[in-house]
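Engineer: Quick one: the structure is below, questions incoming.
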Amino acid sequence: MDSETTGDETLYDALRDDVARLLDRHLESPRDWMPHEQIAWGEGESFRDRPWSPEDYPLPDGVRSSIYVNLLTEDNLPYYTTSILRHAPHGHPLRDWTQQWTSEENRHSMVMRDWAHVSRCLDPVALEEGRRAQMAGAHVPEPASLADLVCYVTLQEKATQIAHRNTAARLPKEDRAGRAVLGLVAGDETKHFLFYRDLGTAAFAVDPSAMTRALSRQVATFEMPGVGIPQFTRHAVRIAREGIYGLGHFVRDVLEPVLELWDVTALEGLSREASQARDDLLATLVHLRETVERAAARALLRGPGAQPA
Ligand SMILES: [Fe+2]
Ligand SMILES: [Fe+2]
């Protein structure tokens, strides 16, 4: 299709078989795991008998911030599901996928909270207060179309996978349960990313112009899903300084590989608007790279080992 005649309805029809195929592939490689089996329950202690203290589980600020932000992000799941279901009509396999996805995301907050409480890696009061504030705000991305949704969630699942994986790597070696929990969560995020990435490939084949415009919009406005968390910016800076996740990761490990896989620079037959959107997208990429380089230069001035914030 070489022009932007494809609305969401046509895209839904054209992607029906791809969604069914990718959902089958997802279900055939289950890598199944049970949340309750991951936790060292015998190591838990009542917070009533012994209130939490940071010395219970010493951690650099950035690692603690990352666990807190990543867990609260998973807590916000009901709102993401609501937002995504708007683009998953009844009777379409996207509905089945979204329900499967919701079930998998749900175990992330469960297992992370169980681990956090037993290991005492987070202040349980701050965690509960953060959960209430985050959920009362109900701040989630609201992609305007199916094309926008596919682009956003592809980027977001990859970004989330990196954040969980890099947090796991910074936990003390002795916390085998914590490393295993975050590793399993990161594994699920990888599978979610693969689903959306390959759905994106199929959508680009159907309507490259609509997808290019959507991708350009989503990259220009991309926010990690935790922006509604209290003091999110402060936590995000700590997380970036710890080298867990920051703009550099977004550019190098999320955006560049996805643009390459979707072969965005070589797409042919784009409408005039889509061609302009691709130019804007590539200009955004250049700007983001420059921002990352400037931050790296500032980090060098701060001293050896400093990470860009
Ligand atoms: Fe998750
Ligand atoms: Fe996910």
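Engineer: I'd like the orientation of helix 146-169 relative to the chain: the angle between its Cα long axis and the longest Cα principal axis, in ° from 0 to 90, rounded to 10.
Structural biologist: Here the helix axis deviates by roughly 30 degrees.
Engineer: Have a look at Gln231, Leu199, Leu281 and report the one farthest towards the positive end of the charge dipole of segment 172-309, computed about the Cα centre with Cβ charges (Lys/Arg +1, Asp/Glu -1).
Structural biologist: Among Gln231, Leu199, Leu281, the one farthest towards the positive end of the dipole of segment 172-309 is Gln231.
Engineer: Please report how far the C-alpha centroid of segment 257-295 lies from that of segment 22-58, rounded to the nearest whole angstrom.
Structural biologist: About 39 Å separates the Cα centre of segment 257-295 from the one of segment 22-58.
Engineer: Compute the acute angle (0 to 90°) between the alpha-carbon long axis of helix 93-119 and the principal axis of greatest extent of the alpha-carbon atoms of the chain; round to the nearest 10°.
Structural biologist: 20 degrees
Engineer: May I ask you to order 135-147, 29-41 by the average number of other C-beta atoms within 10 Å around their residues, highest value first?
Structural biologist: On the way: 135-147: 16.9, 29-41: 12.0.
Ranked from most to least packed, the peptides come out as 135-147, 29-41.
Engineer: For segment 169-309, what is the charge dipole size about the Cα centre, in debye to the nearest 20, if Lys and Arg each add +1 at the Cβ and Asp and Glu each add -1 at the Cβ?
Structural biologist: On the way: 18 positive and 18 negative charges, 151 e Å.
Value, rounded to 20: 720 debye.
Engineer: Just add up the charged neighbours of Gly130: K/R +1, D/E -1, any other residue whose Cβ is under 10 Å from the Cβ of Gly130.
Structural biologist: Numbers: positive: Arg131, Arg132; negative: Asp75, Asp123, Glu128, Glu129.
Summing Lys and Arg as +1 and Asp and Glu as -1 gives -2.
Engineer: Using the alpha-carbon atoms, what tilt in degrees (0 to 90, nearest 10) does helix 272-302 show relative to the longest principal axis of the chain?
Structural biologist: Between helix and principal axis, roughly 30 degrees.
Engineer: Which of the peptides 162-172, 228-238, 64-74, 211-221 is most tightly packed, and how do the rest follow, going by the mean number of other Cβ atoms within 10 Å of each residue? Can you show the working numbers first?
Structural biologist: Working: 162-172: 20.5, 228-238: 17.6, 64-74: 25.1, 211-221: 22.4.
Peptide ranking by packing, descending: 64-74, 211-221, 162-172, 228-238.
Engineer: Using 0.36 nm per residue, how much length does the chain from Arg294 to Asp32 gain when fully extended, once their Cα-Cα distance is taken away?
Structural biologist: Working: separation 262, 0.36 × 262 = 94.32 nm, distance 4.26 nm.
Extra length from Arg294 to Asp32 when fully extended: 90.1 nm.
Engineer: Among Thr81, Met135, Ala159, flag the residue with its Cα farthest along the positive direction of the charge dipole of segment 81-224, charges on Cβ as +1 for Lys/Arg and -1 for Asp/Glu.
Structural biologist: Ala159
Engineer: Continuing with this model, one more query. Show me the ranking of peptides 185-198, 267-280 by mean Cβ neighbours inside 10 Å, starting with the highest.
Structural biologist: Working: 185-198: 20.4, 267-280: 15.5.
Sorting 185-198, 267-280 by mean packing, highest first, produces 185-198, 267-280.
Engineer: Residues of segment 90-119 with backbone nitrogen within less than 12 Å of a virtual label 7 Å along the Cα-to-Cβ line of Arg50, please, listed as ranges.
Structural biologist: Only 119 pass the distance filter.
Engineer: Now for a separate question. So, counting K/R as plus one and D/E as minus one, what does the shell of residues with Cβ under 13 Å around Ala144 add up to?
Structural biologist: Working: positive: Arg86, Arg213, Arg217; negative: Asp8, Glu142, Asp148.
In short, 0.
Engineer: Then there's this: Wrap a convex hull around the Cα atoms of the chain, take a quarter of its surface area, and give that in square nanometres.
Structural biologist: Details: hull surface 66.4 nm².
Result: 16.6 nm².
Only the coordinates and a few stated rules stand behind these numbers; no lab work does. Treat the numbers as computed from the prediction; the structure is a model and nothing was measured. With ideal geometry, Cβ positions are generated from the backbone for all residues, glycine too; neighbour counts draw on all protein chains shown.
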